[in-house]
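Got a structure for you, questions after.
The values are calculated or read from the model by the stated rules, or taken from the named source; none is laboratory data. No experiment lies behind these values; they were computed from the predicted model shown. Quick reminder, even Gly has a Cβ in these numbers, built from the backbone with ideal geometry, and neighbours come from all protein chains shown.
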Amino acid sequence: MKTMAKILVTDPLSEEGLQILTRKEGFQVKALQKACAEDELIRIIPEYDALIVRSGTKATRPVIEAGVNLKIIARAGVGIDNVDVEAATEKGILVINAPEGNTISTAEQTMALILNLARKISWAHQSILEGNWDRKSYKGIQLHGKTLGVIGLGRIGSEVANRAKAFGMSVIGFDPYLSHEQADMIGVELNTLEDIYKNADIITVHTPLTPKTKGLIGKNEINMMKNNVLLINCARGGIIVEGEIAEALKSGKIAGAAFDTFEVEPPKDNPLIHLPNVLSTPHLGASTSEAQISVAIETCEAVVDFFTTGVTRNSINFPSVAPEIYEANKPFLTLCEKMGYLLGTLREGHMKEITITFSEEMEGKPTHIMKLAALKGFLEPILSEGVNFINAVSVAKERGIPIKEVFSSGTTDFPEIITLKVRTDQGEIEASGTVYHNKDPRIINVNGYEFEMAPEGEYLLIKNRDTPGVVGVVGTLLGESGINIATMQLGRKGSDALTFIRVDQKPSDKVIETIKKNPAIIDAKSLSF
C-alpha cells in the first residue's frame, strides 16, 4: 500500500499511543527512545511528514526549515514552548498539543504540593529519617477557610479550583478569557491580578508561558502579597521570576514555595532549590502512568485524524473544529477555496483588500475557517511558495493584504450565500456562491454575471462580446484541438457575456492564444479547479 505518512517520534511515548500509529495501514513510524539533539534532528527530519515530541526535543526554527516534507508537529503534552510555532506557521506546518491527557494528573500534583507546603510533610519526613521526633517545628496550617488564588482557569486551573473547594477553601481567580458565567459554573470569583496578590493565602499559577506571562510574578507583585503567602508553580518555568522569589523566601515574606517547573531544566545554580522553605520536584505534573497513556493516545489519534480525514484537533496555529462540524461544513470550505482561486486567477493590479461577506443565515457556522479557505485559494495562483490553511493569514500579512469578514442581511434566492470581493488598484472583482442540498458547491455570480457553475475539473473561461456565433467558433477550435466540451455555463450582462466551458483536458497556451485572436473575444483563461 502507498505510504500515507512517515512519522518521527523523538521522545519516549507510551506503547498504547504508538500502536495507534503502527497499526494504521499506510503509516511508517520511527520511534526514538530518547530526545534527539538539534543537529541530528536537522539531518533526519527532511524525509518525515510528521514529528511527535514531548518536552525533551526542541523543534527549533532550523529544524522546521529542514523539515521540507513536514505537515504537522504534535506535542504530546500541554506546553509548546519547545516548538517554534511562528516558524512552523510560516512554513504552513500544523502544530497541535494534547491539553486534556495530563489535566487530572497535573491538578492532583498541584494539590499534593499545596498540602505538602501547608503541612510541611516532606520536611517532617526528612526529620524522621535523621532520627528526630520534632512535632513543634513542623506545625502547619489547614486549608479549610483559606483563600486560594488561581491564575489561569483553563482545564488544569479549573480542576485545581474544584479540588480546593472540596477542602473548604474560598477560590478566587484570574483569566482574561473566561466569562463571568463560566466562572460561576466552576464556583470561582473572578478578580484582578492585583486583588489576588492582596487577598490570597495561597497562589497557584496555571498559564502557558507567553511573552505576556513571562515574568508575571516578580518583586512588585510580591510586595502586594500577604505576609506568609504560599506560592506554587506547576505550569511553566519563567512565569515566576525565580531570583526575586528566592529573596522573598529568604526574608520570610513568602513562607514557602513549591516548584515543579523551572526556567532552565534541570535547574543549575538555581537560587531556589537549596532554600529550606522550597519544595522542588523534577517536572512531575504529567508523570503518572495514566497521564502518559492518555497523552500518547490523544496525540496519536489527532495525528491519524489529520492525515486520514483532514480534521485538526487541539491546534495551536489553526482553528480547531470538531470532526462532525468540519464534515457538515466541508462543502462551504470547498466553495470558499474555489472562489478564492477563481478571483486569484482573474485578479489584475496591486492588492488593496479582500472582503468575504456571509449572509446572516450563516451566523453560527465556522466562518473563520471558511475565510481561511478563501484566502488560501486566492493566494495559490499568485504565489509560487506553498500556501495552506495554516500559513495563509501569515503569508497575506507579509504582503500587506488585509482581509475583512462581514455579515449581510440582504434578500436573495438562496438562504446561505458567500461573496468574496477583491479590490486592487485597478478595480474590484467578486464572486458569489452557495451550497446545494448541503453538499454541492456552486458559484452563482461572477462580477454580476449570473449562472450556476460547479467548481471542479478543467475549465476554459471566456469573456466575449454577446454576439451570435462566438460560442460556436470556440467549440470548433476546441474540437479541432481534440478537446471535448463536458458542460457550458453562460452569463450575460449588457453587451458582454461570460462563459465557463468545462473541458475534459486542459487547453494548451497555443489553443488559448488562438481563441483570443477572435475579435469578439475579450479574454480567455484556463482554470484548474
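Within the stretch 89-100, is there a residue that is on the phi > 0 side of the Ramachandran plot, under 19 Å from the mean Cα position of the chain (by Cα) and buried (at least 20 other Cβ atoms within 10 Å of the Cβ)?
Within the stretch 89-100, one or more residues are on the phi > 0 side of the Ramachandran plot, under 19 Å from the mean Cα position of the chain (by Cα) and buried (at least 20 other Cβ atoms within 10 Å of the Cβ).
Only residues that are more than 22 Å from Lys330 (Cβ to Cβ) and acidic (Asp, Glu): list them for the stretch 441-457, please.
Listed by number, the list holds a single entry, Glu450.
Evaluate the stretch 332-348: report whether one residue or more is farther than 26 Å from Asp425 by Cα, without any contact (Cβ under 8 Å) to a residue 40 or more places away in the chain and part of a helix (DSSP H, G or I).
Taking every residue of the stretch 332-348 in turn, none turns out to be farther than 26 Å from Asp425 by Cα, without any contact (Cβ under 8 Å) to a residue 40 or more places away in the chain and part of a helix (DSSP H, G or I).
Restricted to the stretch 51-68, and to residues that are outside any loop (DSSP other than H, G, I, E, B) and not β-branched (Val, Ile, Thr), which residue is nearest to Ala296 (Cα to Cα)?
Here the residue is Leu51.
Do the conditions hold for Arg442, that is, is it farther than 27 Å from Val311 by Cβ, touching a strand residue (DSSP E or B) at 6+ places or on another chain (Cβ under 8 Å) and either among the small types (Gly, Ala, Ser) or not in a helix (DSSP H, G or I) (or both)?
In short, no.
While we're here: What's the number of the only condition in (1) in contact with a strand residue (DSSP E or B) (Cβ under 6 Å, 6 or more places away or on another chain); (2) farther than 18 Å from Ser394 by Cα; (3) at pLDDT 95 or above that Lys338 fails to meet?
(1)
How about the stretch 469-529: which strands (runs of 3 or more DSSP E) wholly inside it have at least 1 residues that are buried (at least 16 other Cβ atoms within 10 Å of the Cβ) and of a type in the set (Phe, Trp, Tyr)?
496-503
Right, here's the next one. Filter the stretch 1-43 for residues that are surrounded by 14 or more Cβ atoms within 10 Å (Cβ to Cβ) and of a type in the set (Gly, Ala, Ser) and give the result.
Ala5, Ser14, Gly17, Ala31, Ala35
Now for a separate question. Could you check Arg163 against (1) farther than 21 Å from Glu100 by Cβ; (2) out of contact with any His (no Cβ under 7 Å at 6 or more places or on another chain); (3) in contact (Cβ under 8 Å) with a residue 12 or more places away in the chain and say which number it fails?
(1)
Can you tell me which residue within the stretch 407-439, out of those that are in a strand (DSSP E or B) and touching a Gly at 6+ places or on another chain (Cβ under 7 Å), is surrounded by the fewest Cβ atoms within 10 Å (Cβ to Cβ)?
Initially, the stretch 407-439 is screened for residues in a strand (DSSP E or B), giving 407-408, 418-424, 427-436.
If we keep only those that are touching a Gly at 6+ places or on another chain (Cβ under 7 Å) too, we end up with 418, 420, 424.
Details: Ile418: 24, Leu420: 29, Thr424: 14.
Ranking the qualifying residues of the stretch 407-439, first place goes to Thr424.
Pick out the one residue from Glu456, Glu428 that is free of Cβ contacts under 8 Å to residues at least 12 places away in the same chain and out of contact with any His (no Cβ under 7 Å at 6 or more places or on another chain).
Glu428
Now for a different question. Please pick out the residue among Lys463, Lys376, Lys404 that is modelled with pLDDT of 90 or more and surrounded by 15 or more Cβ atoms within 10 Å (Cβ to Cβ).
Exactly one of Lys463, Lys376, Lys404 is modelled with pLDDT of 90 or more and surrounded by 15 or more Cβ atoms within 10 Å (Cβ to Cβ), namely Lys463.
Can you name every residue in the stretch 186-229 that is surrounded by 21 or more Cβ atoms within 10 Å (Cβ to Cβ), of a type outside the set (Val, Ile, Thr) and in contact with an Asp or Glu (Cβ under 7 Å, 6 or more places away or on another chain)?
Tyr197
Another question, then. Could you look through the stretch 317-337, keep only residues that are buried (at least 19 other Cβ atoms within 10 Å of the Cβ) and in contact with a helix residue (DSSP H, G or I) (Cβ under 7 Å, 6 or more places away or on another chain), and pick out the one that is nearest to Gly377 (Cα to Cα)?
Per the criteria, the residue is Glu337.
Are there any pairs, at least 6 apart or on different chains, whose C-beta atoms fall under 8 Å, with the first in the stretch 26-39 and at positive phi and the second assigned to a loop (DSSP other than H, G, I, E, B) and hydrophobic (A, V, I, L, M, F, W, C), and if so, which?
Gly26/Met1; Gly26/Met4
Glu456: farther than 19 Å from Lys517 by Cα and in a loop (DSSP other than H, G, I, E, B), yes or no?
So Glu456 fits the description; yes.
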